[in-house]
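Down below is the structure, laid out as structure tokens.
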Amino acid sequence: MIDDAAVKTYREQGWLMVENMLDSGELATVRRIVDGMAEGARGLTGHTEMYDLEPDHLPEAPRVRRIKTPHRHEPYFWELARHPKLLTILQRLLGSEAVRLHGSKINMKAPAGGAPVEWHQDWAFYPHTNDDLLAVGVMLEDCTVENGAMLMLSGTHKGKVFDHHADGHFCGAIDLPSADLDVSGAAPCTGRAGSMSFHHVRTVHGSAQNLSAHPRTLLLYEFAAADAWPLLGVKDLAEFDSRLVSGAPTLTPRLAPVPVRLPLPPAPRAGSIYENQATAKSRYFGRREAA
């Protein structure tokens, strides 16, 4: 699915776009399932184990900003995580025949106000014994600058691990003024529905609010080489090994000299990244009214 030049691009810039990963039938199936899951938020008055809601959500007019761990709720998402095309790419980019699913989520930016995500590195949330981890963004609609496509800071996966704390607690966001981080050269990760993006766990990225008339629904998977073990521990070994999408489990973590900062003490508003970032000191994207 990808050639040596594409692998080199990923190694150099820390992210990669691959088009036409899902065919029209697969895309229609995913959309139908997601629509049904989103409708399940009707009647809710607050966040649940499955749903993270927009601030303007109403029980009679649901607005969902995240569906949590969809692979645990709908078998199709577990099947999609083992898609042959996807596995081939993951094994090349992670440099491992054995690959584990770390987690999954569906981020939904509704038209006219879908929530932004401030600049961050995924590595800040779940550091491991090595950094052969990446996230896959499955585009369920066309992702454009206008509807809040992810923005990538190329090359940052080779640099420092930025502080994601505010007032002594983890907040899941980089404070740009104190980090002295220039984001003016960020590249938009745009593509047509059915495409997939791949970004390294240490690549700095974020996304603006959706102020367009079109939704932006992104199914996100996080994958790790099987010999990358979470530094915060494994509570259930059987469950940990059950998330292997290829290869065999190992009890020998690979240790690499990578920079680490633990996400502790935990965020005062524990939950999704949106809740974590509510305590950030500054905001780059913020919120505006849709036209």
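The values are calculated or read from the model by the stated rules, or taken from the named source; none is laboratory data. Keep in mind the model is a prediction, meaning the values are calculated, not measured. No Cβ is skipped: glycine too gets one built from the backbone with ideal geometry, and neighbour counts run over all protein chains shown.
Annotations for the structure displayed:
- Filter result for residue 122 (of a type in the set (D, E, K, R) and at pLDDT 95 or above): yes
- Only one of the numbered conditions (1) part of a loop (DSSP other than H, G, I, E, B); (2) of a type outside the set (A, V, I, L, M, F, W, C); (3) surrounded by 15 or more Cβ atoms within 10 Å (Cβ to Cβ); (4) modelled with pLDDT of 95 or more is violated by residue 241, and that is (1).
Rundown of residues vs (1) under 18 Å from residue 286 (Cα atoms); (2) more than 15 Å from the chain's Cα centre (by Cα); (3) surrounded by fewer than 16 Cβ atoms within 10 Å (Cβ to Cβ), yes/no style:
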position	(1), (2), (3)
123	no, no, no
126	no, no, no
130	no, yes, no
133	no, no, no
141	no, yes, no
150	yes, no, no
158	no, yes, yes
182	yes, yes, yes
192	no, yes, yes
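- Odd one out for residue 151 among (1) outside any strand (DSSP E or B); (2) closer than 28 Å to residue 24 by Cα: (1)
- Options 286, 271: the member that is surrounded by 13 or more Cβ atoms within 10 Å (Cβ to Cβ), touching a residue at least 12 places away in the same chain (Cβ under 8 Å) and not hydroxyl-bearing (Ser, Thr, Tyr): 271
- Scanning segment 205-214 for residues that are over 22 Å from residue 133 (Cα atoms) and either touching a Cys at 6+ places or on another chain (Cβ under 9 Å) or buried (at least 18 other Cβ atoms within 10 Å of the Cβ) (or both) yields 208, 209, 210, 211, 212.
- Segment 52-82, subset touching a helix residue (DSSP H, G or I) at 6+ places or on another chain (Cβ under 8 Å) and assigned to a loop (DSSP other than H, G, I, E, B), residue surrounded by the most Cβ atoms within 10 Å (Cβ to Cβ): 62
- Scope segment 88-109; condition out of contact with any Ser or Thr (no Cβ under 9 Å at 6 or more places or on another chain) and assigned to a loop (DSSP other than H, G, I, E, B); matching residues: 95
- Candidates in segment 109-162 are the residues that are among the aromatic types (Phe, Trp, Tyr) and in contact with a helix residue (DSSP H, G or I) (Cβ under 7 Å, 6 or more places away or on another chain); of these, the one that is nearest to residue 265 (Cα to Cα) is 162.
- Flag for residue 191 being in contact (Cβ under 8 Å) with a residue 12 or more places away in the chain and under 19 Å from residue 97 (Cβ atoms): no
- If you go through segment 163-192 and pick out every residue that is among the aliphatic types (A, V, I, L, M), part of a loop (DSSP other than H, G, I, E, B) and out of contact with any helix residue (DSSP H, G or I) (no Cβ under 9 Å at 6 or more places or on another chain), you end up with 1.
- Those residues of segment 215-228 which are surrounded by fewer than 21 Cβ atoms within 10 Å (Cβ to Cβ) and assigned to a loop (DSSP other than H, G, I, E, B), in sequence order: 215
- In the set (1) closer than 30 Å to residue 283 by Cα; (2) in a loop (DSSP other than H, G, I, E, B); (3) not acidic (Asp, Glu), residue 234 fails one condition alone, (1).
- Selection status of residue 202, surrounded by fewer than 23 Cβ atoms within 10 Å (Cβ to Cβ), modelled with pLDDT of 95 or more and either under 20 Å from residue 93 (Cα atoms) or hydrophobic (A, V, I, L, M, F, W, C) (or both): no
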